[in-house]
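Inspection log for the structure reproduced underneath, given as C-alpha cells.
The values are calculated or read from the model by the stated rules, or taken from the named source; none is laboratory data. Please read all numbers here as calculations on a predicted model, not as lab measurements. Quick reminder, even Gly has a Cβ in these numbers, built from the backbone with ideal geometry, and neighbours come from all protein chains shown. SASA here: full protein model, heavy atoms, side chains in, ligands and nucleic acids out. Shrake-Rupley method; radii C 1.70, N 1.55, O 1.52, S 1.80 Å.
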Amino acid sequence: MLLLTATTFAAAGGIHYQTPMLGAMAAEFGAEAATIGWVPTLTFSGFLVGIVLLVPLGDRIDKRRLIIAQHCATIVALLAAGAATGVATAAASGFLIGLCACYAQNIVPMVAELAPPAGRGRAVGTVLTALFLGILFARITGGIVAAQLGWRWMYVLGAGLLTLIAPALLARLPHSTPKTTLAYPELLASMLSLARVHADMRRVVAIQLLLGICYGGFWATIATMLLQTHGLGPQVAGLIAIPGAAGVLITRPAGRWLDLYGAGPIVRVGIALFIAAYAVFAFGVWWVAALAVGAAILDCGLRATMVANQTVVNSLAADARSRSNTVFGVSVWSGNAAGAFIASSALAHSGWLAVCAISALAAALALGVQLRSMRR
C-alpha cells in the first residue's frame with residue numbers, strides 16, 4: 001500500500017502541473033484565453049484516450065508490466081512538454097502526458113483486489129487520498145515554480161520525481177493475475193456490456209460526467225480568470241489549490257461512511273456541495289477570497305462523490321475491475337475535457353459568471369439523476 005500510494009501521488013500530478021501555469025504560458029506564447037484552453041482540453045482528452053485504450057489491458061495482462069511501461073513513458077512526455085515551442089506543441093505534449101499518465105487508474109482496481117470486501121471503501125479511499133494529494137501538490141508547486149523559475153521547469157521537476165520512484169517500482173511492484181483471455185477488440189467491446197448490464201454503472205457514468213464538466217471547467221479557467229480580472233499571476237493561481245486540502249481530509253472518512261451507510265447519502269451530499277461551490281464562485285468577480293472558499297467546497301464535493309461512486313463501480317464485477325474503472329474514468333475525464341472546452345469558451349465570450357452558471361446547471365442535473373435513481 002505504501003508503494004502504491006506513493007506511485008499514485010506522483011502519477012497524479014502529470015496532467016495538473018499546467019493548471020496554474022496557463023496564464024504564464026499564454027503570456028509567453030501570445031495566446032488568447034480560448035487558444036490556450038486547448039492545452040488543458042487536449043491534456044484531459046489524452047488522459048481519456050489512455051483510460052479507454054490502455055487501462056482495460058489491466059484485466060488481460062499483468063498490471064505490473066502495464067504500470068511500469070506507462071510510468072517510464074510519462075517521464076519522456078513531461079520532458080517534451082518542458083521543451084514546447086508554442087501552443088500547438090504544448091497541447092500535443094499535454095495529450096501525450098495524459099495518454100501515458102493514466103496508469104493510476106489501474107492502481108485503484110489493484111487495491112480493490114487486495115482489500116477485503118468489508119474494508120474496500122477504506123482502502124480505495126486511502127489510495128484516492130494519495131491521488132488527490134498529488135493533484136494538490138501539482139497545482140501548488142506548478143504555480144510557485146512557474147513564478148520563480150518559469151513554467152518549463154515544473155515539467156522537468158515532475159519528470160525527476162517519477163524517475164526517483166522508478167527503481168522502487170521495478171523492485172517491489174507486485175504482479176497481478178490476468179482476469180480474462182479476451183482479444184483486445186473484444187476486451188474494449190465488453191465495457192459496453194458492463195454498462196448495459198449494471199444500472200448502478202449507468203447512474204455513476206451520468207453523474208461523474210456532469211460533475212467532471214463542473215470540475216474541469218473551474219481548473220481550466222481559474223488561472224486565466226485571475227490574470228484577466230484581478231491581475232494575479234500563476235503563483236496565486238497555484239495557491240488557490242491549497243483549500244483543496246479540505247477535500248483530502250474528506251476522502252478517508254467518506255470511505256468509512258461508505259462501508260457503514262452505502263453510497264447514496266454520500267453522493268447526494270457531494271453533489272449539493274458542487275452547487276454550493278459555484279454559488280460562492282460567482283462572487284469571485286469582486287472578491288478573490290471567494291475563489292479559495294469555493295475551491296475548498298468544490299474539492300470536498302468531488303472527493304465524497306468519487307470515493308462512493310468509484311468503490312461502487314469496482315465492486316460490480318470482480319473479474320472486470322480494470323474495465324469497470326475504465327468506464328468510470330471515461331465519465332470523469334470526458335467531463336473534465338468537455339468542461340475545459342466549454343468553460344474556456346464561455347470565459348472568452350461571456351465572462352466568469354457564465355462559467356459559474358453553466359457549471360451550476362450541470363451539478364443540478366447530476367443531483368436530478370441521483371434523486372431519480374433513488375425513487376426508482
The condition from (1) under 22 Å from Ala220 (Cβ atoms); (2) touching a residue at least 40 places away in the same chain (Cβ under 8 Å); (3) open to solvent by 20 Å² or more (accessible area, probe 1.4 Å) that Leu78 misses is numbered (3)
From the option list Ala104, Ala91, single residue qualifying as closer than 18 Å to Ile51 by Cα and either part of a helix (DSSP H, G or I) or in contact with a Cys (Cβ under 7 Å, 6 or more places away or on another chain) (or both) is Ala104
For the range 170-183 the number of residues that are crowded, with 18+ Cβ neighbours inside 10 Å and of a type in the set (A, V, I, L, M, F, W, C) is 1
By residue number, the members of the range 11-40 that are surrounded by fewer than 24 Cβ atoms within 10 Å (Cβ to Cβ) and either in contact with a Leu (Cβ under 7 Å, 6 or more places away or on another chain) or among the polar types (S, T, N, Q) (or both) are Ala12, Ala33, Thr35
Worksheet item: If you check Ala338 against the conditions, is it in contact (Cβ under 8 Å) with a residue 12 or more places away in the chain, assigned to a helix (DSSP H, G or I), more than 20 Å from Arg196 (Cβ to Cβ) and open to solvent by 10 Å² or more (accessible area, probe 1.4 Å)?
Response: yes
Does the range 297-306 contain at least one residue that is touching a residue at least 40 places away in the same chain (Cβ under 8 Å) and under 27 Å from Arg60 (Cα atoms)?
yes
Considering the range 184-227, residues that are among the polar types (S, T, N, Q) and open to solvent by less than 30 Å² (accessible area, probe 1.4 Å), and then whichever is nearest to Val355 (Cα to Cα), we arrive at Thr221
Please indicate, with yes or no, whether at least one residue in the range 89-105 is small (Gly, Ala, Ser), open to solvent by 40 Å² or more (accessible area, probe 1.4 Å) and in contact (Cβ under 8 Å) with a residue 24 or more places away in the chain. yes
